[in-house]
Structures are given as C-alpha cells and as structure tokens.
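Presented below is the structure to which this report refers.
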Amino acid sequence: RPVAVYYDAPTDELFVVDVAGHDIKVLGRDGSLRRILGGRGWQPGEFNFPCDIAADQWLLWVVDTGNHRVQGLTRGGEPVVSFGQAGDAPGDVDLAKSSALDSAGHLYVLDGRFENVQIFDQTGRLLLTVGQEGSGPGQFWLPAGICIDRRDRIWICDTYNARVQVFDYVKQADEPSPASVPEVEPP
C-alpha cells in the first residue's frame, strides 16, 4: 500500500513508502524496481508501518510510525540517525503522520495523537513544539499532512477541523536564508 513518495532528481529515482510492505521501494524512471530499503522490524534501517518520507541533500527522513520514531537513512538505505520513542513527553513520537524540512534543515514531525508539530534538529534534539488539541488558531484535530514551501511557510492539513493552517517560519539571525528560487503562488 503506497502512502508517500519522494522524487530524487539527481538520481532520477522515485522512493515509494509502502506501509503494508514495511519498506521503501526505489523505482527508476521507467517504473522498474531498482532496490528495496528496509523491511519489517525494529532494528536500525527496518520499519513498522512507515507512513511518510522527506529528504534533504544527504538523508531520507522516514516517519516510522509503528516504531514511534523517525529514521535518517542514506539513499542506499544505510541508517545514520534515529530518534523518538513511544510516550507522551515532549520529544516522544506517538502517532507520527507526516514530516517536512525547512531551509535551515529542521525536521517538522506532525503527530496525530498529540495534535501538534514537533520540530527537531538533525540529531533528534527537540527544538520546539507547536499546537495542541482544539479548533482555534494553532490548534489541531487529527492533523495529517505537512508541507513547507520555499519561503518556509508551513502548511498543515488539519483534518477534522476541515481546514489548512499556514504558519510563517521566523528565521534566526544565524540561520541560512531559504533558497532564492522563484515560487508559484497558491491559488
């Protein structure tokens, strides 16, 4: 059951997250299977109901929902970093649904059980938690998808509140600027 995809332009490969297969299938432009990353398990590089993928120039970031963690893997599938655990404390990853990266390399993990977004650095250190259960601004009811555009605006699908919320990223003085690539404005 494919649930998420990432296209890697430099390698011309499509990474398809298969939640029921507990793996990531890597396809070529012609649709041929090039390799399979992972498999069911809890060891580094293995998955238990993975549900999303994001990528930067170095790593694939896989939301490994059933293992209550996020894993950073090379494009060849070698595990590099893993963080998260079951629980209800800040930094725990209980029902992660989606992830995205901003221009400074922060990883945003959307959690459907906590009704929030947790923002981590690439070592897994929790930087900030945003949101809580509710229907007001900045509150969520089963958030299910997140996207960060080239201007670092954060778009969150707030499923049961039947809306999309948009947040502006506030850049710190020592962080790099977002890529200066033209962007198409949403309708």
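The relative contact order of the chain, computed from alpha carbon pairs under 8 Å that lie at least 6 residues apart in sequence, is 10 percent. In the chain, a dipole from Cβ-located charges (positive for Lys and Arg, negative for Asp and Glu) runs towards its positive end, and of P50, Q118, G87 it is P50 whose Cα lies farthest in that direction. If you plug the beta carbon distance of R153 and L14 into 1/(1 + (r/R0)^6) with R0 = 30 Å, you get a FRET efficiency near 0.70. Peptide packing for 79-88, 28-37, 102-111 was compared via the average number of neighbouring C-beta atoms within 10 Å per residue; ordered from the highest value, the list is 102-111, 79-88, 28-37. Per residue, the accessible area of the chain comes to 51 Å² when a 1.4 Å probe rolls over the protein heavy atoms. Packing around the peptides 145-153, 2-10, taken as the average count of other Cβ atoms within 10 Å per residue, puts them in this order, highest first: 145-153, 2-10.
Taking a label point 7 Å from the Cα of Y7 along the Cα→Cβ vector, which residues of the range 81-110 have an amide N closer than 12 Å to it? The answer is none, because no backbone nitrogen lies closer than 12 Å to the label point. Taking only protein heavy atoms and a 1.4 Å probe, the accessible area of the chain is 56% carbon and sulfur.
The values are calculated or read from the model by the stated rules, or taken from the named source; none is laboratory data. Quantities reported herein were computed from a predicted structural model and do not represent experimental measurements. Quick reminder, even Gly has a Cβ in these numbers, built from the backbone with ideal geometry, and neighbours come from all protein chains shown. Heavy atoms of the whole protein, side chains included, go into the accessibility calculation; ligands, DNA and RNA do not. Shrake-Rupley method; radii C 1.70, N 1.55, O 1.52, S 1.80 Å.
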